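A short worksheet on the structure shown next.
A short reminder: the numbers here are calculations on the coordinates, not readings from a lab. Computed from a predicted model, the values in this text were never measured in an experiment. Here the Cβ positions follow ideal geometry from the backbone for every residue, glycine too, while neighbour counts run over all protein chains shown.
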Ligand SMILES: C[C@H](O)[C@H](O)[C@H]1CNC2=NC(N)=NC(=O)C2=N1
């Protein structure tokens, strides 16, 4: 059970490069090659499954957009922040 974060908490804890978009946090990772993005998404998927907390990921040309929210709580929680940090560590 993760509690919803307040606006101030989100602002304070949002990792560098991430932005808030309503009830989601979002980052677009950029890559030199399409398949690098595909590989990143696969790795992120494994981390997400390990955490059992799942992002929406859109794989584009040399970029991957990652969106996180906690559906069970209807907003942004620690789980989203922590998973964002783990995704950043994949880079
Ligand atoms: C039952 C519930 O759907 C599961 O506990 C997990 C699965 N993955 C999830 N992923 C995300 N982003 N939010 C959730 O609330 C969530 N819940």
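A few remarks follow.
- Cβ-Cβ distances below 7 Å connect the following pairs, each with a first residue in segment 63-91 that is more than 16 Å from residue 17 (Cα to Cα) and touching a residue at least 24 places away in the same chain (Cβ under 8 Å), a second residue that is more than 10 Å from the ligand (Cβ to nearest atom) and part of a helix (DSSP H, G or I), and a separation of six or more residues or different chains: 76/10.
- The sole residue among 58, 28 that is free of Cβ contacts under 8 Å to residues at least 24 places away in the same chain, surrounded by fewer than 16 Cβ atoms within 10 Å (Cβ to Cβ) and not in a helix (DSSP H, G or I) is 58.
- Hey, residue 22 loosely packed, with under 13 Cβ neighbours inside 10 Å and closer than 20 Å to residue 2 by Cβ or not: yes
- Restricting segment 61-81 to residues that are in a helix (DSSP H, G or I) and buried (at least 16 other Cβ atoms within 10 Å of the Cβ), the residue that is farthest from the chain's Cα centre (by Cα): 79
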